[in-house]
Amino acid sequence: MRVPLHWLRAYSDPGWDAEHLAERLAMTGTEVERVTEIGAPAGGGYVVGRVDSVEDHPDADKLRICEVDAGDDKLRRIVCGAPNVAAGQLVPVALPGAVLPGGQKLKKAKLRGVESDGMILSESEMELGEESDGIAVIDGEAEPGTPLSEIFPVSENVLELEITSNRPDCLGVWGVAREVHAISDAELSPAPWEDDPKPTGKGKAEDLASIEVKVPELCPRFTARVFTDVEVGPSPLWLKARLIAAGQRPINNVVDITNYAMLAIAQPMHAYDLDQVAGAKLVVDTASNGDKLTTLDGVERSFDSDAVLIYDESGPTGIAGIMGGASSEVSEQTKTVLLEVANWDGVNILRTSRKLGLRSEASARFEKQLHPELALRGQALASKLMVELTGAKLVPGTIDVAGEIPPLHQIELRAARIEALLGMPVSAEKAAADLERLGFAVKRKGDLLTVTVPPERHYDVSREADLIEEVGRVNDLDKNLPSTLPSTGGHAGGLDRAQRLLRRAEDELRDAGLYEIVTWSFNAPDLAERLRLGAQDPRRAGIEISNPLSAEQSVLRTTLLGGLLDAARLNLSRGNESVRLFESGHVYLRDGERGPGALGGEYLGKVPAPAVEPHRLAALLTGPAPASWRESDPEPDYFVAKAVVEALGASLGVPLDFEPPADPQPFLHPGRSAVVSVEGAPIGWLGELHPLVARGWDLTLASAFELDAAPLIAASPVGVETYEDVTTYPAVLQDIAAVVPADLSAADLRASVLEAGGELLRDARVFDRYEGEQVGEGKVSLALRLEFRAGDRTLTDAEVAEQRAAIAAALEKIGGGLRE
């Protein structure tokens, strides 16, 4: 946003120079990128002159000798080549010694033998336009010798602002002026829209034009006024100067008025030649696929059904909120103007603008969402200028097609809450004054303020904390905020137990040789197909993003596996043969559909409806393993992944169970996968990728797992451990080999042994498996290491033998026995 300083000071002038003003704005929340200067370098030498007489040059056909009153004691003789110079004109004059915009210092000169004591300027020589064939003529009255800067700026400082998306009001010079008024207490001029002209035209606006809005949800308000007897021509110099300084090219007075009003109050508008609007009726509707329109920039554009267009009886005549069409463009022949000031859905404008690759000053404002009430402000300001600058007659009546207009926010502000949030005291009286300078209406009752938010701040300020932010930023927080920190009411900082345990889990995965990655929180819609998820699998029902970066990233992820697979393929394609990756992050599931292994209970933050966001730990291993990893079996198979999960559980003190899945994950090898459980409740899955799925990412053998962090952490005793003496009375370690049916799982065997061993059997670990002729067909031998220990004595062989006998009896009950 370019804000000419001369224009800004017309609304509020604190008397500061450009650099100090830029600093104060930046320190109160309005970022100033730079301060630039346009036009002639700062200095004198530019005045208003009156042409007293004009005669032809005796030795040049195209030159004329002018006698000019420039406020001196005598007339100045100035040689001029402009064909339009005439006696009686008020003209801009550069006196000898003035520095021209190009940096050249003007001197007296002889032109074909006649001395010229100055220069009568054209618009192009003052950088106020492209017109160079004739001199500029000043409208109105002014005394000769009046500094030209009092009429319009010859040299102009411009603030280039970076406006945040929540402050569309500062995309207008008036909005920035109100900020200056608030931080400096300099006087603020009356609002530019307050002087709405009285109608002088004949008839009624409704008789000359009609409006129909078929999509009120996308066009909350459409207002129109009609002007007759319009004289289209160049804008006055002051208007051209402000537009050029603000970055706009002057076109004609009607178009310039719409641009000026938009730059002044941040409400875009558009002028139609009503005689060129077929049927004198405008219809607002979504486009039909294939609709085409040639816009004002001369480009023919096509539209899909998401775009909102403005139609007349002959077809599209404008793109809503972005750019008008060439068919109804205002030209020199225009006599009747329909002025449209409308309000549009910001999201729709942003989406259409991006699709078309067309961004305008209007769309930049509408996409930030303006309040419908601003439309009538725009009509008032533009109408005043239309009457004054084009000689137009305003037809009585305003066509106003409006839906439900959002009521203005009323918010209660407590003075005590201001100090609690800011850390410095601000009285209710001071806060009320600050807010009123910012345009808020305030009613005070003791230390309680009832604040009405103005329409231009409707979508930015909606709660008490927002008001406190407004008070704080205009109270010089950089200078007045105490050096002591606000009271926290207790311990500040640090991680809670769940966060510490999550960090421990992540550290364990890194210690196991895995590299942590952070992938996108969204993926392609076809990921469910590539992972072969069933039609009823809740992970298929991904939540679509309303404004995705691309079609490939348009659905919130329901599993971490997709991002891990993409990262693995990228690494392998770059020559990284050994890929060991893990990610700790959220997945996003529809409410009540947490997916396999995702159990109830959230942690680390609130969960916004209608989605739940369980935190997951997931890993993917593929490619040859480093030499330090299981050198006898280097491939990242099921058992390697299982070892990592077991180490993860051990680091948290959580015993994990691995069971064959009743309903295998469709993306895992059916015979090489498991359900990971804690105390009988599933928390995730583990296994080798199905060959067809692995092939889809150019992988060979790969294993992976994904676990819910919440139940894993909830089951951890870390931080609440009880301690037992394990050194005074040593343990008795014994190994046994149990021959059991081949279909009996190791987990079931271990559970039976632990139950039979009683309190003295502290642990039983399976460390070997044998299958062969010596144990018989349909049998398998599993070796277990038993740890017996008592807390009050050293166990005897007889006590241990008694427990072994109990274990042997338990094995017989499950169809097994001890191997001799």
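Read-outs throughout are calculated quantities, based only on the coordinates presented, and are distinct from any laboratory measurement. Please read all numbers here as calculations on a predicted model, not as lab measurements. Positions of Cβ are generated from backbone atoms using ideal geometry, with glycine treated the same way; all protein chains shown enter the neighbour counts.
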For Arg569 and Val347, what is the calculated FRET efficiency with R₀ set at 25 Å and r taken between the beta-carbons, to the nearest 0.05? 0.15
Describe numerically, in nm with one decimal, the distance between label points set 7 Å from Cα along Cα→Cβ at Lys281 and at Arg112. 6.2
Mind listing the phi-derived Karplus ³J(HN,Hα) values for the stretch 363-376, rounded to whole Hz, using 6.51, -1.76 and 1.60 with θ = phi - 60°, and x for any glycine or proline? 5, 4, 8, 5, 5, 8, 6, 9, 7, x, 5, 5, 4, 5
Centroid-to-centroid separation of the stretch 315-356 and the stretch 80-105 [C-alpha atoms, Å]: 39
Enumerate the aspartates and glutamates that Lys292 could reach by cross-link, defined here as Cα to Cα under 19 Å, with residues fewer than 8 away along the same chain left out. Glu300, Asp304, Asp306, Asp312, Glu313, Glu329
Pull up all non-local amide H partners of His615: gap of 5 or more, or a different chain, and H-to-H distance under 5 Å with H placed in the peptide plane. Tyr603, Ala709, Ala710
Just going by the charge dipole of the chain, with Lys and Arg at +1 and Asp and Glu at -1 on Cβ, which of Ala568, Val308, Ser363 is farthest out on the positive end? Ser363
In percent, how large is the relative contact order of the stretch 214-270, given Cα pairs closer than 8 Å and 6 or more residues apart? 24
Mind checking which aspartates and glutamates have their C-alpha under 19 Å from Lys445, skipping anything on the same chain fewer than 8 residues away? Glu412, Glu419, Glu429, Asp434, Glu436, Glu464
Evaluate the charge dipole of the chain about its Cα centre and quote only its size in Debye, nearest 20, assuming +1 on the Cβ of each Lys and Arg and -1 on the Cβ of each Asp and Glu. 200
Measure up Lys62/Lys110; Lys202/Lys335; Lys335/Lys384; Lys642/Lys779; Lys202/Lys393; Lys335/Lys393 against 20 Å on the Cα-Cα distance and list the ones that go over. Lys642/Lys779
With an 8 Å cut-off on Cα pairs and a minimum separation of 6 or more residues, tell me the relative contact order of the stretch 325-447 in percent. 16
Per the rule of 0.36 nm per residue minus the C-alpha distance, extending Thr200 to Arg463 adds in nm 90.3 nm
Using the Cα centre of the chain as origin and beta-carbon charges of +1 (Lys, Arg) and -1 (Asp, Glu), tell me which of Pro407, Trp7, His270 is placed farthest towards the positive end of the dipole. Trp7
Anchor Lys107: aspartates and glutamates whose Cα lies under 14 Å away (excluding residues fewer than 8 positions away in-chain): Glu115, Asp117
From the phi of every residue in the stretch 454-463, what ³J(HN,Hα) in whole Hz does the Karplus formula 6.51 cos²θ - 1.76 cosθ + 1.60 yield, where θ is phi - 60° and glycine or proline is x? x, x, 6, 10, 4, 8, 10, 10, 9, 8
Based on Cβ point charges of +1 for Lys and Arg and -1 for Asp and Glu, what charge dipole magnitude is obtained for the stretch 357-491 about its Cα centre, in debye rounded to the nearest 20? 200
Using the Karplus curve 6.51 cos²θ - 1.76 cosθ + 1.60 with θ = phi - 60°, work out ³J(HN,Hα) for each residue of the stretch 405-418 in order, rounded to whole Hz, and write x for Gly and Pro. 7, x, x, 5, 5, 10, 10, 8, 10, 9, 4, 5, 5, 4
R0 = 51 Å: FRET efficiency of Ser302 with Glu646, Cβ-based, nearest 0.05? 0.30
Value at 222 nm in deg cm²/dmol, rounded to 500, when DSSP H runs of n ≥ 4 in the chain each add -39,500 (n - 2.57): -7500 deg cm²/dmol
For Val675, distant residues with modelled amide H under 5 Å away: Glu659
Considering amide H positions built from the backbone, and no H for Pro or chain starts, which residues 5 or more places from Ala342, or on another chain, come under 5 Å of its amide H? Thr223
Based on alpha-carbon centroids, what's the gap between the stretch 684-734 and the stretch 534-555 in Å, whole number please? 29
